[in-house]
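Visitor: I'd like to ask some things about the structure below.
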Amino acid sequence: SAVISQKPSRDICQRGTSLTIQCQVDSQVTMMFWYRQQPGQSLTLIATANQGSEATYESGFVIDKFPISRPNLTFSTLTVSNMSPEDSSIYLCSVPTGPNTEAFFGQGTRLTVV
Amino acid sequence: KNQVEQSPQSLIILEGKNCTLQCNYTVSPFSNLRWYKQDTGRGPVSLTIMTFSENTKSNGRYTATLDADTKQSSLHITASQLSDSASYICVVSEGGGFKTIFGAGTRLFVKA
């Protein structure tokens, strides 16, 4: 299993500012995923963060808006830049433990942009 | 297009009753199917994971079934408890198993 510590757990931010979310894993993992969950919706993959290379972004998400860092195999950050109220969501990081094993999620960051 | 559809969208049951949630998918090639429980304000927690060759898997009062031929899965909850109130998300992985498609979830409310 993997224990994931994600912080902050929640924040209220002013529009136009940026917030960096941190995700710490208790073991080394090759891939880390960042998701967004808008109110009442399911999870949408933002990007895959690989150590030693640039993150791979899904359609509709760009690096300028959601820059990601992956300095080592146990840590990653997601920044939500130049925030607007539409960015109000829960952001989650996740690590797979293998192709056919369960994936573990952080507890999520509930972001409200005012 | 790979899709995962869940039904019902929401469900209200009385404590102690059983219920079954449905998941239909069109993901191909199929790698595995997982059911997650997500409490409000929390990250999803894995309940079960099944690969192509598995038909059923249990985790306490939760039993998941998989029919890979019809591409359908169900999650059966036995003797529901108030703490079962949560969203239940069906997730299907394709290809090598890392790319995942999430269903919209079923919101379950268990009332006393």
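The values are calculated or read from the model by the stated rules, or taken from the named source; none is laboratory data. Remember, it's a predicted structure, so these values are computed and weren't measured experimentally. We place every Cβ from the backbone using ideal geometry, glycine too, and count neighbours over all the protein chains shown. In case anyone asks, the SASA skips ligands and DNA or RNA and just uses the protein heavy atoms, side chains included. Shrake-Rupley method; radii C 1.70, N 1.55, O 1.52, S 1.80 Å.
Visitor: Give B:Ile89, B:Ile101, B:Ile77 a once-over and let me know the one that is surrounded by 17 or more Cβ atoms within 10 Å (Cβ to Cβ), in contact with a helix residue (DSSP H, G or I) (Cβ under 8 Å, 6 or more places away or on another chain) and either more than 20 Å from A:Gly106 (Cα to Cα) or facing chain A (nearest Cβ under 10 Å) (or both). Explain how you work it out, then say what you get.
Guide: Values: B:Ile89 fails: in contact with a helix residue (DSSP H, G or I) (Cβ under 8 Å, 6 or more places away or on another chain); B:Ile101 fails: in contact with a helix residue (DSSP H, G or I) (Cβ under 8 Å, 6 or more places away or on another chain).
Answer to the check: B:Ile77.
Visitor: Restricting to the range A:42-82, count the residues that are open to solvent by 40 Å² or more (accessible area, probe 1.4 Å) and touching a helix residue (DSSP H, G or I) at 6+ places or on another chain (Cβ under 8 Å).
Guide: Of the residues in the range A:42-82, 0 are open to solvent by 40 Å² or more (accessible area, probe 1.4 Å) and touching a helix residue (DSSP H, G or I) at 6+ places or on another chain (Cβ under 8 Å).
Visitor: (1) within 14 Å of another protein chain (Cβ to nearest Cβ); (2) crowded, with 20+ Cβ neighbours inside 10 Å; (3) farther than 18 Å from B:Ser46 by Cα: which one isn't true of B:Thr106, the others all being true?
Guide: Looking at each condition in turn, B:Thr106 falls short on (3).
Visitor: Can I ask one more? Report yes if A:Thr109 is open to solvent by less than 50 Å² (accessible area, probe 1.4 Å) and either closer than 27 Å to B:Ser93 by Cβ or within 13 Å of chain B (Cβ to nearest Cβ) (or both), otherwise no.
Guide: Working: open to solvent by less than 50 Å² (accessible area, probe 1.4 Å): yes; either closer than 27 Å to B:Ser93 by Cβ or within 13 Å of chain B (Cβ to nearest Cβ) (or both): yes.
For A:Thr109, the condition - open to solvent by less than 50 Å² (accessible area, probe 1.4 Å) and either closer than 27 Å to B:Ser93 by Cβ or within 13 Å of chain B (Cβ to nearest Cβ) (or both) - is met.
Visitor: Could you go through the range A:66-76 and let me know if any residue there is in contact with an Asp or Glu (Cβ under 8 Å, 6 or more places away or on another chain), hydroxyl-bearing (Ser, Thr, Tyr) and within 11 Å of another protein chain (Cβ to nearest Cβ).
Guide: Within the range A:66-76 (the criterion being in contact with an Asp or Glu (Cβ under 8 Å, 6 or more places away or on another chain), hydroxyl-bearing (Ser, Thr, Tyr) and within 11 Å of another protein chain (Cβ to nearest Cβ)), the answer is no, since none of the residues qualifies.
Visitor: Of the residues that sit in the range A:29-65 and are among the small types (Gly, Ala, Ser) and within 14 Å of chain B (Cβ to nearest Cβ), which one is farthest from B:Phe102 (Cα to Cα)? Break it down into steps so the answer makes sense when it comes.
Guide: Filtering the range A:29-65 down to residues among the small types (Gly, Ala, Ser) leaves A:40, A:42, A:47, A:49, A:52-53, A:55, A:59-60.
Checking the rest, the ones that are also within 14 Å of chain B (Cβ to nearest Cβ) come to A:40, A:42, A:47, A:49, A:59.
Numbers: A:Gly40: 13, A:Ser42: 7, A:Ala47: 15, A:Ala49: 19, A:Ser59: 16 Å.
Residue satisfying both the conditions and the ranking: A:Ala49.
Condition check ((1) in contact with a Pro (Cβ under 9 Å, 6 or more places away or on another chain); (2) of a type in the set (Asp, Glu)) across all residues:
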| residue | (1), (2) |
| --- | --- |
| B:Glu15 | no, yes |
| B:Val27 | no, no |
| B:Asn32 | yes, no |
| B:Ser46 | no, no |
| B:Asn55 | no, no |
| B:Ala64 | no, no |
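Visitor: Given the residues A:Pro39, A:Pro85, A:Pro71, A:Pro67, which is the only one that is under 17 Å from A:Leu111 (Cβ atoms) and within 15 Å of the chain's Cα centre (by Cα)?
Guide: Details: A:Pro39 fails: within 15 Å of the chain's Cα centre (by Cα); A:Pro85 fails: within 15 Å of the chain's Cα centre (by Cα); A:Pro71 fails: under 17 Å from A:Leu111 (Cβ atoms).
Step by step, each of A:Pro39, A:Pro85, A:Pro71, A:Pro67 is checked, and only A:Pro67 is under 17 Å from A:Leu111 (Cβ atoms) and within 15 Å of the chain's Cα centre (by Cα).
Visitor: If you go through the range B:29-51 one residue at a time, do you hit one that is farther than 30 Å from A:Cys23 by Cβ, open to solvent by 30 Å² or more (accessible area, probe 1.4 Å), in contact (Cβ under 8 Å) with a residue 12 or more places away in the chain and assigned to a loop (DSSP other than H, G, I, E, B)? Lay out the reasoning, then the answer.
Guide: In the first step, residues of the range B:29-51 are kept if they are farther than 30 Å from A:Cys23 by Cβ; the result is none.
No, there is no match, as no residue in the range B:29-51 is farther than 30 Å from A:Cys23 by Cβ, open to solvent by 30 Å² or more (accessible area, probe 1.4 Å), in contact (Cβ under 8 Å) with a residue 12 or more places away in the chain and assigned to a loop (DSSP other than H, G, I, E, B).
Visitor: Further question on the same structure: I'd like to check something: does the range B:79-91 contain any residue that is at pLDDT 95 or above, outside any loop (DSSP other than H, G, I, E, B) and in contact with a Pro (Cβ under 9 Å, 6 or more places away or on another chain)? It would help to see each step written out before you state the result.
Guide: Kept after step one, since they are at pLDDT 95 or above, are these residues of the range B:79-91: B:79-90.
Now restrict to residues that are outside any loop (DSSP other than H, G, I, E, B): B:82-84, B:86-90.
Still in the running and in contact with a Pro (Cβ under 9 Å, 6 or more places away or on another chain): B:87, B:89.
Yes.
Visitor: Show the residue pairs meeting these rules: Cβ distance below 9 Å; 6+ apart or different chains; first residue within the range A:1-24 and in a strand (DSSP E or B); second residue exposed (fewer than 12 other Cβ atoms within 10 Å of the Cβ) and at pLDDT 95 or above.
Guide: A:Ile12/A:Val114; A:Cys13/A:Val114
Visitor: Same structure again: Among the residues of the range B:14-24, is there at least one that is over 18 Å from B:Gly103 (Cα atoms), open to solvent by less than 30 Å² (accessible area, probe 1.4 Å) and in contact (Cβ under 8 Å) with a residue 24 or more places away in the chain?
Guide: Of all residues in the range B:14-24, those over 18 Å from B:Gly103 (Cα atoms) come to B:14-19.
From the residues that got through so far, the ones that are open to solvent by less than 30 Å² (accessible area, probe 1.4 Å) too are B:19.
When the remaining residues are screened for being in contact (Cβ under 8 Å) with a residue 24 or more places away in the chain, the result is B:19.
Looking through the range B:14-24, at least one residue is over 18 Å from B:Gly103 (Cα atoms), open to solvent by less than 30 Å² (accessible area, probe 1.4 Å) and in contact (Cβ under 8 Å) with a residue 24 or more places away in the chain.
Visitor: Within the group A:Pro39, A:Pro99, which residue is assigned to a loop (DSSP other than H, G, I, E, B), surrounded by 13 or more Cβ atoms within 10 Å (Cβ to Cβ) and modelled with pLDDT under 95?
Guide: Numbers: A:Pro39 fails: surrounded by 13 or more Cβ atoms within 10 Å (Cβ to Cβ).
Testing whether each residue is assigned to a loop (DSSP other than H, G, I, E, B), surrounded by 13 or more Cβ atoms within 10 Å (Cβ to Cβ) and modelled with pLDDT under 95 leaves just A:Pro99.
Visitor: Keeping to the range B:52-83, report how many residues are touching a residue at least 12 places away in the same chain (Cβ under 8 Å) and basic (Lys, Arg).
Guide: 2
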